[in-house]
1. Counting only residues that are assigned to a helix (DSSP H, G or I) and free of Cβ contacts under 8 Å to residues at least 60 places away in the same chain, which one in segment 82-91 is nearest to Ala161 (Cα to Cα)?
2. Please verify whether Ile39 is closer than 30 Å to Thr147 by Cα, open to solvent by 80 Å² or more (accessible area, probe 1.4 Å) and modelled with pLDDT of 85 or more, treating the condition exactly as stated.
3. Scan segment 138-180 residue by residue and report those that are exposed (fewer than 11 other Cβ atoms within 10 Å of the Cβ) and modelled with pLDDT of 90 or more.
4. Testing Phe45 on (1) at pLDDT 90 or above; (2) open to solvent by 70 Å² or more (accessible area, probe 1.4 Å); (3) among the hydrophobic types (A, V, I, L, M, F, W, C), one condition comes back false. Which one is that?
5. Specify which of the listed residues (Ala34, Ala29) is under 22 Å from Ala161 (Cβ atoms) and at pLDDT 95 or above.
6. Among the numbered conditions (1) open to solvent by less than 10 Å² (accessible area, probe 1.4 Å); (2) within 17 Å of Pro143 (Cα to Cα), tell me where Gly67 comes up short.
7. Give me the residue from segment 71-86 that is at pLDDT 95 or above and out of contact with any helix residue (DSSP H, G or I) (no Cβ under 6 Å at 6 or more places or on another chain) and, out of that set, nearest to Leu56 (Cα to Cα).
Amino acid sequence: MTYQQYPPQGYPAPGAYPPPGMVRQPSGATAIIAGILAILGGLWFLAGLVSHVIELSHYFISFFVVGAVLDLVSAALLLGGGIMLLLRKRAGRLLTVIGAASAIGFVALTFLLRAFDAHFHFSYGGVTLFFGFGWLLFVVLIPAIATLVLALVPPTARWLAAKPGAAGAVQPPNFGYPPPQPGYPPAPGGRQQGQPPGQW
């Protein structure tokens, strides 16, 4: 007596498709990475705000005042947006986009003012004041661009729009296997169907 290998060749592997009535949840990788980058950026600007306040206690000049205000705005937008994004709040995506875009704009403005040798300058970019102007490219501009792109891509929007799947969903009996045919053993975990095999 021989039995046919189960599942028969040509059928999909068990569990290859989601159970009926269940929708596969979209990946939240881009949203999670964007949220983490936003929080790290917000902490960086928060440290910059503290450094500007310390400098203002010694030298109260517009160079530090403008820098402190801009760091405060960036820290609030990125920290709030990153936390809300990880909590799957749509408003978090908007705040993250605004915070990252404003950081890119402020960095570009500082470069333009220096390139055209303007009389007005301001400090911006967290604690880059202590490391040099060129560090803005590496610790502010590049992470801000990555955060903005990850927050804007469609997978992030789909993950925020999707509702978390219901917990404790039970797969139907014999899910993932084709219906057993008479004369063959049932699928693992399924109920016996058909007649037992006869004499061959």
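1. Pass one, segment 82-91, residues assigned to a helix (DSSP H, G or I): 82-86, 90-91.
Keeping just the survivors that are free of Cβ contacts under 8 Å to residues at least 60 places away in the same chain gives 82-84, 86, 91.
On the way: Gly82: 17, Ile83: 17, Met84: 14, Leu86: 13, Ala91: 12 Å.
So, considering only residues that are assigned to a helix (DSSP H, G or I) and free of Cβ contacts under 8 Å to residues at least 60 places away in the same chain, the one nearest to Ala161 (Cα to Cα) is Ala91.
2. Working: closer than 30 Å to Thr147 by Cα: yes; open to solvent by 80 Å² or more (accessible area, probe 1.4 Å): no; modelled with pLDDT of 85 or more: yes.
No, not satisfied.
3. Matches in segment 138-180: Pro154, Ala161.
4. (2)
5. Values: Ala29 fails: at pLDDT 95 or above.
Of Ala34, Ala29, the one residue that is under 22 Å from Ala161 (Cβ atoms) and at pLDDT 95 or above is Ala34.
6. Single failed check for Gly67: (2).
7. Ala76
The values are calculated or read from the model by the stated rules, or taken from the named source; none is laboratory data. Predicted, not measured: the structure shown is a model, and the values here were computed from it. In this analysis, Cβ positions are derived from the backbone assuming ideal geometry, glycine residues included, and neighbour counts consider all displayed protein chains. Protein only, heavy atoms only, side chains kept; ligands, DNA and RNA dropped before computing areas. Shrake-Rupley method; radii C 1.70, N 1.55, O 1.52, S 1.80 Å.
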